[in-house]
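Asker: Below are the structure tokens for one structure; questions will follow.
The values are calculated or read from the model by the stated rules, or taken from the named source; none is laboratory data. Nothing here was measured: the structure is a model prediction, and the numbers come from that model. Methodologically, a virtual Cβ is constructed for each residue, glycine included, from the backbone with ideal geometry; neighbour enumeration extends over all protein chains shown.
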Amino acid sequence: MSSKMEIYNTFGLHATADRYLVINDESQLRQFLSSGQLSQPYLILGGGSNMVFTRHFSGTIIHLENKGIRLLAPKSSAEDCLVEAAAGEVWDDFVHHCIGHGWHGTENLVAIPGTVGAAPVQNLGAYGVEAKDIIHSVRAFEIATGRERIFTNDECQFAYRDSIFKGVLKNQYIIWSVVFRLQREFHPDIQYKALSEALHSAGIESPTPQQLADTITQVRWGKLPRPEEMGSAGSFFKNPVVPAEQYHKLKETYPDIVAYPVSEGYKLAAGWLIEHAGWKGRSLGRCGVYEKQALVLVNRGGCTGQEVLALAEAVTEAVRSQFSVTLQKEAIII
Ligand SMILES: Cc1cc2nc3c(=O)[nH]c(=O)nc-3n(C[C@H](O)[C@H](O)[C@H](O)COP(=O)(O)OP(=O)(O)OC[C@H]3O[C@@H](n4cnc5c(N)ncnc54)[C@H](O)[C@@H]3O)c2cc1C
């Protein structure tokens with residue numbers, strides 16, 4: 001625990017907090033929660049890969065480093081198995097652990113930065129799979145009372161890059177572990193276009209779990225900046241959903257607009273909108289729109305949180321004035 005220390009985030013922003021608390025075992029967590037030492041405000045920090053720090057945080061940062069992955073044998077069957085992973089596990093280590101043990105379902109989510117504990121928060125997703133597809137339940141502690149609660153998959157209220165932990169229960173629960181329902185048999189999900197194309201061009205028709213993970217890793221780092229090379233929070237904006245009528249109007253003016261039908265209308269590719277509003281590859285101050293994927297804002301070196309916000313605002317305004325579509329941020333602004 002120390003005060004005014006720099007805190008970790010993949011955007012590489014200089015960030016400080018009054019107090020930084022590392023918790024790595026359950027009795028320590030229970031003790032802190034019951035001692036009332038966690039005065040407001042507080043913030044739970046995983047790998048800091050979905051956050052943008054724009055100011056000094058006047059409160060306590062709680063960082064979980066609990067570890068452990070175990071098969072819940074009695075609750076598993078010949079077809080599927082329940083696997084519990086501690087919140088402090090690095091997400092990608094968990095994926096590789098599952099592949100190594102023949103537990104399937106996490107492969108498409110390989111190489112996403114961050115921790116297991118954050119996966120339910122924004123319903124982590126990539127290449128046609130979302131955390132909600134494999135999460136069985138979430139074990140968490142209420143910060144105000146210290147009470148333990150198990151959230152079923154339904155109770156997590158998962159939606160696109162969203163859950164109850166980002167909504168009405170935001171910052172109220174510390175997720176301590178997550179139980180996943182994984183398959184014993186491997187049924188690869190290779191519907192996603194960029195993925196099926198990459199497998200096809202590698203001459204792989206039915207990939208092994210490792211081949212699938214390797215191919216996804218390769219595709220992913222072909223279009224996203226590796227955090228160790230260039231700071232970012234991954235996709236900075238969500239893909240906006242518009243009513244069908246609005247989409248058809250846009251399609252008349254922009255016949256090559258990229259969109260996918262969803263139950264509420266059409267989900268537009270925010271990267272396409274940003275690129276066609278003229279922002280791909282451009283910078284404002286030391287923050288830029290990534291040249292290979294316009295959905296990602298990047299740190300061009302020494303960038304501040306305020307510069308990220310200024311660029312985000314300029315991009316949002318350009319998209320709004322050209323397409324009458326309002327972009328929402330996926331990254332969490334602190
Ligand atoms: C290069 C790059 C690529 C990315 N690609 C993807 C992608 O393909 N798909 C995708 O969905 N995301 C992607 N992301 C975003 C990010 O990796 C995910 O959102 C990830 O789940 C965040 O994990 P974290 O541990 O870093 O969470 P943090 O950024 O530390 O926190 C995110 C949120 O979760 C909360 N939180 C974290 N841990 C806990 C806990 N134990 N209990 C309660 N609340 C908690 C925090 O308070 C915060 O609100 C990418 C990011 C980067 C930098």
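Asker: Kindly indicate which of A126, A144, A198, A159 is farther than 25 Å from S77 by Cα and at pLDDT below 90.
Answerer: Details: A126 fails: at pLDDT below 90; A198 fails: at pLDDT below 90; A159 fails: at pLDDT below 90.
When all the criteria are applied, what remains is A144.
Asker: Right, next: So, restricting to strands (runs of 3 or more DSSP E) that lie completely within the stretch 253-305, which ones have at least 2 residues that are touching a residue at least 40 places away in the same chain (Cβ under 8 Å) and either within 25 Å of L13 (Cβ to Cβ) or within 16 Å of the ligand (Cβ to nearest atom) (or both)?
Answerer: On the way: elements: 259-262, 265-268, 287-289, 296-299.
The qualifying strands (runs of 3 or more DSSP E) are 296-299.
Residue by residue, here is whether (1) among the aliphatic types (A, V, I, L, M); (2) within 20 Å of L224 (Cα to Cα); (3) in contact (Cβ under 8 Å) with a residue 24 or more places away in the chain holds:
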{"position": "G114", "(1), (2), (3)": "no, yes, yes"}
{"position": "P120", "(1), (2), (3)": "no, no, yes"}
{"position": "I143", "(1), (2), (3)": "yes, no, yes"}
{"position": "D154", "(1), (2), (3)": "no, no, no"}
{"position": "V168", "(1), (2), (3)": "yes, no, no"}
{"position": "Q183", "(1), (2), (3)": "no, no, yes"}
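Asker: Still on this model: For the stretch 44-58, which residues satisfy the criterion of being over 17 Å from L309 (Cα atoms) and among the β-branched types (V, I, T)?
Answerer: I44
Asker: Then there is this: Is it the case that L212 is away from the ligand (no atom under 14 Å from the Cβ) and either crowded, with 19+ Cβ neighbours inside 10 Å or hydroxyl-bearing (S, T, Y) (or both)? Even if it seems obvious, please write down each step before you answer.
Answerer: On the way: away from the ligand (no atom under 14 Å from the Cβ): yes; either crowded, with 19+ Cβ neighbours inside 10 Å or hydroxyl-bearing (S, T, Y) (or both): yes.
Here the answer is yes, as L212 does meet what is asked.
Asker: Identify all residues within the stretch 23-56 that are more than 10 Å from the ligand (Cβ to nearest atom), in contact (Cβ under 8 Å) with a residue 40 or more places away in the chain and among the small types (G, A, S); write none if there are none.
Answerer: Once the filter is applied, which keeps residues that are more than 10 Å from the ligand (Cβ to nearest atom), in contact (Cβ under 8 Å) with a residue 40 or more places away in the chain and among the small types (G, A, S), the stretch 23-56 yields only S34.
Asker: Now, a different point. Residues that are surrounded by 20 or more Cβ atoms within 10 Å (Cβ to Cβ) and not in a helix (DSSP H, G or I): does the stretch 320-328 have at least one? Outline the logic, then answer.
Answerer: Going through the stretch 320-328, the residues surrounded by 20 or more Cβ atoms within 10 Å (Cβ to Cβ) turn out to be 323, 327.
With the extra rule that they be not in a helix (DSSP H, G or I), the set shrinks to 327.
Yes, the stretch 320-328 contains a residue that is surrounded by 20 or more Cβ atoms within 10 Å (Cβ to Cβ) and not in a helix (DSSP H, G or I).
Asker: Going through the stretch 10-20 one residue at a time, which ones are without any contact (Cβ under 8 Å) to a residue 60 or more places away in the chain and buried (at least 20 other Cβ atoms within 10 Å of the Cβ)? Spell out the reasoning first.
Answerer: Taking the stretch 10-20 as the starting set, the residues that turn out to be without any contact (Cβ under 8 Å) to a residue 60 or more places away in the chain are 16-20.
Those that are without any contact (Cβ under 8 Å) to a residue 60 or more places away in the chain and buried (at least 20 other Cβ atoms within 10 Å of the Cβ): A17, Y20.
Asker: What do you reckon, is V178 in contact with a Gly (Cβ under 9 Å, 6 or more places away or on another chain), in the same structural domain as C81 (by TED's automatic domain parsing) and among the aliphatic types (A, V, I, L, M)? Outline the logic, then answer.
Answerer: Values: in contact with a Gly (Cβ under 9 Å, 6 or more places away or on another chain): yes; in the same structural domain as C81 (by TED's automatic domain parsing): yes; among the aliphatic types (A, V, I, L, M): yes.
So V178 fits the description; yes.
Asker: Looking at the stretch 188-247, which of the residues that are among the hydroxyl-bearing types (S, T, Y) and under 23 Å from the mean Cα position of the chain (by Cα) is nearest to A259 (Cα to Cα)? Break it down stepwise before answering.
Answerer: Filtering the stretch 188-247 down to residues among the hydroxyl-bearing types (S, T, Y) leaves 192, 196, 201, 206, 208, 215, 217, 232, 235, 247.
Okay, now just the ones that are also under 23 Å from the mean Cα position of the chain (by Cα), so 192, 196, 215, 217, 232, 235.
Details: Y192: 14, S196: 19, T215: 25, T217: 24, S232: 25, S235: 17 Å.
Ranking the qualifying residues of the stretch 188-247, first place goes to Y192.
Asker: Is one or more of the residues making up the stretch 186-202 under 18 Å from A126 (Cα atoms), assigned to a helix (DSSP H, G or I) and within 15 Å of the ligand (Cβ to nearest atom)?
Answerer: Yes, some residue in the stretch 186-202 is under 18 Å from A126 (Cα atoms), assigned to a helix (DSSP H, G or I) and within 15 Å of the ligand (Cβ to nearest atom).
Asker: Would you tally the residues in the stretch 218-243 being in a helix (DSSP H, G or I) and either on the phi > 0 side of the Ramachandran plot or surrounded by 14 or more Cβ atoms within 10 Å (Cβ to Cβ) (or both)?
Answerer: Of the residues in the stretch 218-243, the ones in a helix (DSSP H, G or I) are 218-223.
Filter again for either on the phi > 0 side of the Ramachandran plot or surrounded by 14 or more Cβ atoms within 10 Å (Cβ to Cβ) (or both), leaving 219-220.
Count: 2.
Asker: Pull up the stretch 66-80, narrow it to residues that are farther than 25 Å from S27 by Cβ and surrounded by 15 or more Cβ atoms within 10 Å (Cβ to Cβ), then point me to the one that is modelled with the highest pLDDT.
Answerer: D80
Asker: Pick from I175, I150, I164: which is assigned to a strand (DSSP E or B) and crowded, with 17+ Cβ neighbours inside 10 Å?
Answerer: Numbers: I150 fails: crowded, with 17+ Cβ neighbours inside 10 Å; I164 fails: assigned to a strand (DSSP E or B).
Going through I175, I150, I164 in turn, the sole match is I175.
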